[in-house]
Every structure is written in structure tokens, then in C-alpha cells.
1. For segment 171-347: lysine pairs with Cα atoms under 21 Å, gap of 8 or more or different chains, count?
2. Tell me, His234, His333 in order of fewest to most beta-carbon neighbours within 10 Å?
3. Separation between the Arg159 and Ser328 pseudo-spin-labels, each 7 Å from Cα along Cα→Cβ, expressed in nm?
4. Given contacts defined as C-alpha pairs under 8 Å and at least six residues apart, what's the relative contact order of the chain, whole-number percent?
5. What are the residues whose amide H is under 5 Å from the amide H of Ser221, where those residues sit 5 or more places off or on another chain and H is modelled from the backbone?
6. Distance between the C-alpha centers of segment 184-246 and segment 52-99? Whole Å please.
7. I want to check a number: in segment 2-159, how many lysine pairs have alpha carbons closer than 28 Å, given a sequence separation of 8 or more or different chains?
8. Okay, helix-only estimate at 222 nm for the chain: each DSSP H run of n ≥ 4 adds -39500 (n - 2.57), divide by all residues, round to 500 deg cm²/dmol; what do you get?
Amino acid sequence: MGKSFDLLSTIEYGGCSSKLPAGLLSEVLKEFPVAVDPNLLVDVSTHDDAGVYRINSETALIFTTDFFPPICSDPFEFGEIAAANALSDVYAMGGSPLLALNLMMFSHEKIPLEVFGEILRGGSSKVKEAGALIVGGHTIDDHPPKYGLAVIGTVHPQRLITNAGARPGDQLVLTKSIGTGALVSGVKNGLASKEDYLRGLAQMKRLNRTGAEIAVKYGISSMTDITGFGLAGHALKMAQASRTSFRIETGRIPLLPGAFQVFERGSIPGATFRNQEFSGDRAHFTRGVDYNMKMLVHDAQTSGGLLMAVNPDHTENVIRELKELDPSSGAAHIGEVLSQSPRSLYFE
């Protein structure tokens, strides 16, 4: 049966850790022509989570896509996580998902066809939870398998949240714990407990809908979601797009149980080092930051949380409401936005 097939047996890098290194992607995108249109509210220039196009004074469309190889063994759970991850880009812009297309790469000769159906069922369950509709898709014969969505969402043009709006004095709030990449690596190498791994899977399956709703309610100035480039990589892009610098206190960063121990035991995925290379000298770490913590902020996350730039007057309420609506939330105040200085990120 499909459920007995271990999807992790098909891949080396799964989930968002399989992304092209951020440095190489930036090299390509800097030569990419930027579309120009008065109704194009967000283009590729700021490396934001999605493109946004205004269709009238009340509605703008958010358009995004994301797909990747398996991040877990069970096909239904893989479908759930991949769909939650793709939907997250809409939430990161303060929007609501509307329509989705399935994107599937699958070899029926190497994997039981039942697995295909289970992946689609898992994805469909998350799209339904988000209140959106799957209206079709596209499949090609390929191995290892990959799955995700192309998503269209909606947002009021005046309530759009981008990665370019952070202001000095804003406080940084992270809505989910980090460490998913560490736990997946750890379970593959026998260095993470099943309990910790399952906790990581549960977090990856959680939609960022609550975070988006609270962000809109409190007029969050800037936001992005944390995925394959890690906390450091996505914070770097947000700081640069906003022409600011970020100060982050590593002791405040919420970690998934067991993640630090996996890195402490030496099971650090290759994507972590690629992300560290990307941040390079644009990120400064004080001597007191533990090496494993330094690596964890570069850990590639899959379906990670939202990083918000919050007015200080609202920080306490934002965190309290995030935890009230989602008791399993790892929401925490982790730092602040500074005026632009020589380094984009300062980790203490």
C-alpha cells in the first residue's frame, strides 16, 4: 500500500533545504528584467514572498508557487506540509488564499501509484482548511517526487504587507519555532527522537493563517515567512528590502525541542552551510553566540513561521493573541529593527 512506502528513501535533500542556494539565485535574478506596470504592487526586485497585482481599488491578487521533494516518510503528511508551505506566501503578504493548482513530479514506475493519491489528498486537506479551492494542476514523470502548489490569493491594496516596510524602532516577532531542518536530518541519522521529530512535523503542517489575520488586525508594517534560506537569510532579505538593519537576540529565538541537540551531535545539513555562506559578512555575531545557535539561525526551514516587524505598542498583544489562538505557537519577541548600518543583521 502507498502508506507503507517511505518517501524519505527517495531523496538526499527534502523540503525547502533543496532550494537553489540563495547566492546563486540572487546572481540570476539581478539580470532578470523587472516587469513595469502601475498596478504591479510587488515585483521581483525586493525578493518578496509573492507577486502582487492590483485589479481594482478594493482587490489585489497575490500570485505565488512553491514545491519540493519529500520532507517526511508519509505521503499524506508530505502533501499537507507542501501545501501549507505554498499557502504561506499568501499569508506572509497579509492575504487570503483563493485558488490553487497542484504541481506534481512523480514516477509511477518507481513508486506505487497509491502514493500519488495520498500526496494529493494531503495537499487538498490543507487547501480546504485554508478556505481555498484546488482547480486543477499539472503532472510530469520525474524522480525523485516533488509536490507543491501554484496559489492565487487576494488582499486589499491598502492592507498589503511586504518585506520592505520595516521601520527603525519596530520589534521583531517570530511566530513559529525553528529547527525543522535539524530534526529531519537528525531522524535520518538516528540522532533525533521520534517525539521531537513528530513535533516538528506537526508544526510544519500548521497554516500561518492566524499569524496573517493578527498581522492585518494590528497593521504590521512588514513581514516575511521563514523557509529554505533560514531565519538569517529571510531576515537579511527583509532588512535589505526595508533599508534597515536587524538586531536579533539568539537567546530569545524559540527552538523546537531536540533541534539544538542534533546540531550539537554534528548532524548539520548541507543547506545550513550554504545559507551561512549567503549571509556572509552581512551578518555579525557577537562572541557569546554559541556555534550551534549560529548554525541554527541558518537552518533551512520548511513551512516555517512568520517574521513580523511590529509597532512596540502592539508587541505584547500580538504575541498574546498568537498564543491564545494557537496554544502550540512558539511566538516570541526576538529583536528589533535598527536604522541601516554597515551590517544588515546583528546577532547577540
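Just so you know, all these numbers are worked out from the coordinates, no wet-lab data involved. Everything numeric here is computed off the predicted structure, so don't read it as measured data. Don't worry about glycine lacking a Cβ; one is built from the backbone with ideal geometry, like all the others, and counts go over all protein chains shown.
1. The result is 11.
2. Values: His234 25, His333 18.
Fewest-to-most Cβ neighbours within 10 Å comes out as His333, His234.
3. That separation, rounded to one decimal, is 2.7 nm.
4. On the way: 858 pairs, mean separation 81.0, N = 348.
Result for the chain is 23 percent.
5. Ala309, Asn311
6. 14 Å
7. 15
8. Working: 11 runs with 119 residues, N = 348.
Calculated from helices alone, the mean residue ellipticity at 222 nm is -10500 deg cm²/dmol.
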